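Structure first, then comments.
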Amino acid sequence: MLLHVTDLKKSYAGADEFIPVLRGIDMEVTSGETMALTGESGSGKSTLLHLIGGLDTADSGSIVMNGQDISSMDDAGRAAVRRHSVGIIFQQFNLIPSLDVSANIAFQARLAGVYNSAKADELAAALGLGDQLRKYPEQLSGGQQQRVAIARALAAKPRLILADEPTGNLDEATAAEVMAQMLALVAQTGAALVMVTHSPRLAGQMGRQLHLSKGLLA
Amino acid sequence: MIATGLSALWSHWRRNPLQLFTLVAGLALATALWSGVQAVNSEARASYDAAAATLGEGQYDQLLPKAGEDIAQETFIALRRAGWLVGPVIEGQIGAAGAQVRLVGIDPLTAPGGLGPVAGGSIALPDFLEDRPVFANAATAAKLEGFIDAPIVVEPSIAPDTAITDVFVAQRVLDAQGSLSRLIVATEQPMGRPPLERIAPALTRRPAQGGSDVGRLTDSFHLNLTAFGLLSFAVGIFIVHGAIGLAFEQRRGMVRTLRALGMPLRSLIALMAAELLVLALIGGAIGVCLGYLVAASLLPDVAATLKGLYGAQVSGTLQLRPAWWLSGLAISVLGTGIAATGALASVARMPLLASARPRAWATSRGVMRQVQMTASIGLLGLAGILAAFGNGLVMGFGLLACLLIGAALALPLLLDGALRLAASLARGVTAQWFWADTRQQLSGLSLALMALLLAMAANVGVSTMVSSFRLTFTGFLDQRLASELYVSTESIEQARALEAFAATRTSEVLPLLSVESELAGLPAELYGARIGATYRENWSLLASSPQVWDLVAAGDAVLVNEQLARRAGIWVGDALTVAPETTLPIAGVFGDYGNPIGQAIVSEPLFAQLHPQVRATRFGLRTDDAGSLRVALTAEFGLPAQSITDQAQIKAFSLGVFERTFTVTAALNVLTLTVAGFAIFMSLLTLAGMRVPQLAPAWALGMTRRRLGQLELIRAVVLAALTAACALPLGLALAWVLLTVVNVEAFGWRLPMYVFPRDYAVLGLFALGAAVLAAAWPARKMSRTPPADLLKVFANER
C-alpha cells in the first residue's frame, strides 16, 4: 500500500465560524495505480490533494505514505516527503521564472539528490521539449510550460504524482496531447497518479475514479 | 539541496539585474553617507589622539597658572627641588611658510614615560640632547624648512601642524627664555613632598582627563556630524527596506514553488538570510569606497572648520582606518538585517498555499495601518514631552529621532487622506481612476516617499539653522568688530607709544586685554575693556540690568558671554568671582557666537588691578579715515603690513570660517536629497513591471499608452508635492529643535530662528524636479509597453 488516508478532516475559518471542507475521508492508493478525483467546485478535491502532498495540514485523521504518517510530521518532515516521494503538477504550472527549462526540469531531482541528466533529457525529448531547454518559462506556451512541470515531477522519480487539474489552463487539443504524454510516462515510471479533474473524459482515462461531494467520498 | 536552492534564488537576480542594482545601490548609498561621516570623525579624533599621545594632554595631571599664561622656570626648579616629579612644557605658535605651526618644547629627562619622540623610539636620548632636533610630520616639516634654526626630523606620529623639540630650543625660537606654559605631573610621586600651595601658590593642578582638551571641545561638532550621518543612514535604510521588500514580494511565487517542491522553510529562510548577508557585504564594501570619496572631499573643509572654530589641528588628508571601514560594513549588515527582518518574517508566516501573485508590495492592511498610526502618534507625543520637559544633548537627539520617525510613519496616512479627499472631489472618469490608482500605488511608494520627507525636512531644518546663524552672525560681527583698524605692536614700549600717538588721531583707542582664567569652575577668558562710546553704542546684550555700562565701567559689575552663563547656570544678578577675593555681580550677558569657551569682561582699570603684569599690545582704533591712519602708523612705527588689519579683512575672515563650517552640512544635504531622489526612481522603476496588470484594463478601455505614461509622471509630481508640503512644517520643527535645544546643549548659545520662504520654494522645486527626473524613465517605459505585453494580462495562458 502506497497511501492510506483515514478519517481525514479539514475546515477553514470563515467570517463567523469554521467551514468544514473535508468531513472524514478514507481512501487508499496502491503503487502504479491511476486515480481521478472528481466533484463539483468547493467539494474539497484540491484540499485533499494538498493534504496528501503535505502542502497543508489536516485538523484530524491520518495520511500514511510508504509507512510514514505525514499528518504527524513537522514542516521539515513534510518537505522531505514532498522532495523525495511526491511529484506535484499544478494547474498554474508554478515553474521558476528565472530558471530555464533545463534547470526547471532538473530542480526537484537536484533537491532530492536523484538528478540524472540522461533521464532528464530523455523526459524532455519524450515531452517534445528537446529544442526548448535553454528557453525561459515566459517564452513558452501554456502547453509547453505544463510539459515542463510534468517533466520536473517525473525527473525526481517520485512514488506518487499529484496533479491538480493539470490541463485546466490548456485548450482541448493541447490538453489531450499533454494528458496522453503524462499517462504514458507515469506508466513507464511505475508511480501512482492521483489527478483532480472536472473533465469526465479525462477521468475516464484513469484506472479508478473517486467522487467527492460536500467533503465526503460518494 | 543548499546549492540547488541558492542557484534558484540567485537566478532571480540574474534575470532581474535592475532589482539587484537597486538593492546593492541602496545599501551602498546608505553605507557611503554613514561611513563618510564616520571617516571624517575618526580622522579628526585620530589627530587629537596623536596630539594627546605626544603632548600628554589628558593622560597626566597638569600644573597650570591660575591666571595669565606663563610659569616662571624658577617655579619648575623649585618644584623639582621639593621632590615634585614634574616635566616642563612650553608652547607657542610660529609662522612657517605662510602657516602657523604649534611648537611644543619638552624636556625628555623629566617628562613622564611614554611622552615624546624619545619615548616613541624615534631617536636615542643622547642624540636628542646633543642634536636638539625638531620633530614634525612630513607636511609640517616641509613648512618649517628654512624657518627654524634646528635640524628637522620627520616623525609621522606627530599631530598635524605641530612640531616637538627640546624645551631649550623652543624657548629660544619662541623668544621666551625662562618661561614655561605648563608642567606635566608624573603619575608616581614621592611620599612626603610639600604641598603645591606652599611651593607654587600661583599654580593650579588640573586632573588627568579621559580625552584631550581639544577632543572634548570638538565633540559637539562631531556629534552634529554623527547625527547627520545617522539621519542619512536612516534615509538609506528606507531605501534598502523598500528594495528588499519589493524583491521579496516579487519572489513570493518562487518561494511557494521551492517549498512545494520540498525545500524546508527553515532552510529557505537561512538561504535567503545568507544571500542578503552577501549582498549587504557587497553593498557595504562599495559604500565604504564611496564613503571614502565623500570623506576625502569633505575633510579639508572639516579641518578648516575645526581649526577656525576651535584651533584644533586636523590632518586634511584621509587614511584608511580599519575602525571606520569595519563599522561601515557592520552598519550595512545591521541595516539590511533591520530592513529584512520584516520581509523574512513575512516569508516565514506565508502559508504555502498563499497566492503567488505579487500584491503590489504589501497592500496596506487595516492592522498594519493601526500599528503605524499608533506608533506615529506615540512617537510624536514622546517628542512633545521631551521638548517640554527634557534636557541634555542626548535628549535633544532623542527628540529629533522621535520627531522624524513619528512624522515619517504618519506620512502614508496623511497622503492617503489627501488622495481620498482628491478622489471624492474628482469629476471626470479619468480623474477618478487617476486618484484611485494613485492611492493603490501609495503603499508601494511609501518608503521612498518617507525617505524624501526625511531628506527634505533635513534640508529645510539645516538650511534654516544655517541661514538663521548667518543672519545673526553677520549682525554680531557688525556689532563686535566696530573698530575700523586693529593694530598689533611688537613690544610694551611700542604699545605705549602707539596709544599716545593714536590718542589725538582717533575718536577712541580700545586696548585688547585678556588672560586665560577659570571662572565659575570652567576654563574661560577674562577681558579688560575700556568702556566708552563704542561699547555703549554697538553692543546689544541678551540680558542686562539698568545702567549696565556704568556699573561695568566703574568696576562694580561684570559682563559674561552666553556660553559661560548657560554652562555655569548664572545670569544677570548672580555673582561671579573673577579673581581671588574679587566677586562682582553680573550686569549683562552678551551673545558670543562661534566661541567655544566662556568669557567675562571687566573694566580696564579693574583688569589692570587684577593682572598688573598683563599689558595690551593689540588695539582697536576708531577712526573716520582708516586709510590715512594706516599710512601714518606705518610711517611712524614701521609696522609691517600684517600688523595692521582693517575691519573688512577680519569680517571676511570670520565669515569665511563660518561658511566653511557649514560647507560640510550643505554637501551632506545635497547628498541626502540625491539619495532620496534615487529611492523614488528605483521604486517607480521596480513598480513599473508590476503595474502592467493594473494598467492593461485602462488601456483596453481606450486610454492610450502615451496618456498612461503622462499620468505616471503627474502622479510622481503630485506625490512629491504632497510630501514636500508635509516636509516644510517638519523641517521647521527640526530647525527649532536644532536651534533651541541641540545648539544650546552642544555649543552653549541660543540663536533666534528666522524663516526663509524663498529658500523653501527653491527646495520644493528641486524636489519636484527630482521626482520628474525619477519618474521620467519609468513613465517612458510605461508609454512604450508593447501591446502584446498588455494583452497577455487578458490571455488565459498568462
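Computed from the coordinates by the stated procedures, all read-outs in this text should not be read as laboratory data. The shown structure was predicted, so the numbers you read here are calculated from the model rather than taken from an experiment. Note: ideal-geometry Cβ built from the backbone for every residue, glycine included; neighbour counts use all protein chains shown.
A compact table of results
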{"quantity": "Around A:Val21: net Lys/Arg minus Asp/Glu count, Cβ-Cβ under 11 Å", "calculated": "+3"}
{"quantity": "Gyration tensor (alpha-carbon) shape descriptor, region B:415-556, a/c threshold 1.5", "calculated": "prolate"}
{"quantity": "Proximal charge balance of B:Arg566 [Cβ under 13 Å; K/R count +1, D/E count -1]", "calculated": "-2"}
{"quantity": "Centre separation in Å (Cα based) which lies between region B:539-597 and region A:94-131", "calculated": "86 Å"}
{"quantity": "Order of B:Met368, A:Met65 under a 10 Å beta carbon neighbour criterion, fewest first", "calculated": "B:Met368, A:Met65"}
{"quantity": "Separation in nanometres of the label points that stand 7 Å from Cα toward Cβ, at B:Ala721 and A:Leu183", "calculated": "6.5 nm"}
{"quantity": "Rounded to 10°, Cα long-axis angle of helix A:172-189 versus longest principal axis of chain A", "calculated": "90 degrees"}
{"quantity": "C-alpha center-to-center spacing [region B:159-189, region B:431-454] in angstrom", "calculated": "65 Å"}
{"quantity": "Subset of B:Lys143/B:Lys651; A:Lys9/A:Lys214; A:Lys10/A:Lys157; A:Lys9/A:Lys157; A:Lys45/A:Lys119 violating a 21 Å alpha-carbon distance limit", "calculated": "B:Lys143/B:Lys651; A:Lys10/A:Lys157; A:Lys9/A:Lys157; A:Lys45/A:Lys119"}
{"quantity": "Within-15-Å neighbourhood charge of B:Pro194 [Cβ basis; K, R +1; D, E -1]", "calculated": "+4"}
{"quantity": "For A:Gly87, residues with placed amide H under 5 Å, excluding near neighbours", "calculated": "A:Leu160, A:Ile161, A:Leu162"}
{"quantity": "Loop sites in region A:113-171: trypsin sites (Lys or Arg not before Pro), DSSP, at most 14 other Cβ within 10 Å", "calculated": "A:Arg134"}
{"quantity": "Charged-residue dipole, Cβ positions (Lys, Arg, Asp, Glu), region A:68-143 about Cα centre, Debye nearest 20", "calculated": "60 debye"}
{"quantity": "Crossing angle, helix A:142-155 versus chain A [Cα axis fit, 0-90 degrees, rounded to tens]", "calculated": "80 degrees"}
{"quantity": "Chymotrypsin sites (Phe, Trp or Tyr not before Pro) within region B:564-634, DSSP loop, no more than 16 other Cβ atoms inside 10 Å", "calculated": "B:Trp571"}
{"quantity": "Exposure proxy order (Cβ contacts within 10 Å, fewest to most) of B:Arg198, B:Arg691, B:Arg480, A:Arg82", "calculated": "B:Arg198, B:Arg480, B:Arg691, A:Arg82"}
{"quantity": "Whole-Hz ³J(HN,Hα) from phi, Karplus 6.51 cos²θ - 1.76 cosθ + 1.60, for region A:70-87, glycine and proline x", "calculated": "5, 5, 9, 8, 7, 4, 5, x, 5, 5, 5, 5, 4, 5, 9, 10, 10, x"}
{"quantity": "Per-residue mean of C-beta atoms belonging to partner chains within 10 Å, peptide B:10-17", "calculated": "3"}
{"quantity": "Sequence-distant residues sharing a close amide H with B:Ser517 (under 5 Å, placed H)", "calculated": "B:Ala524, B:Glu525, B:Leu526"}
{"quantity": "Cα-based shape type of region A:117-184, given that a ≥ b ≥ c are square roots of the gyration tensor eigenvalues and the cut on a/c is 1.5", "calculated": "oblate"}
{"quantity": "Given charges at beta-carbon only (K, R positive; D, E negative), |dipole| of chain A in Debye", "calculated": "440 debye"}
{"quantity": "Rounded to the nearest 20 debye, dipole of region B:414-565 from Cβ charges on Lys, Arg, Asp, Glu", "calculated": "1020 debye"}
{"quantity": "Pairwise centroid distance, computed over Cα atoms, of region A:179-218 with region B:458-522, Å", "calculated": "98 Å"}
{"quantity": "For peptides A:178-189, B:549-560, sequence by mean Cβ density within 10 Å, most packed first", "calculated": "B:549-560, A:178-189"}
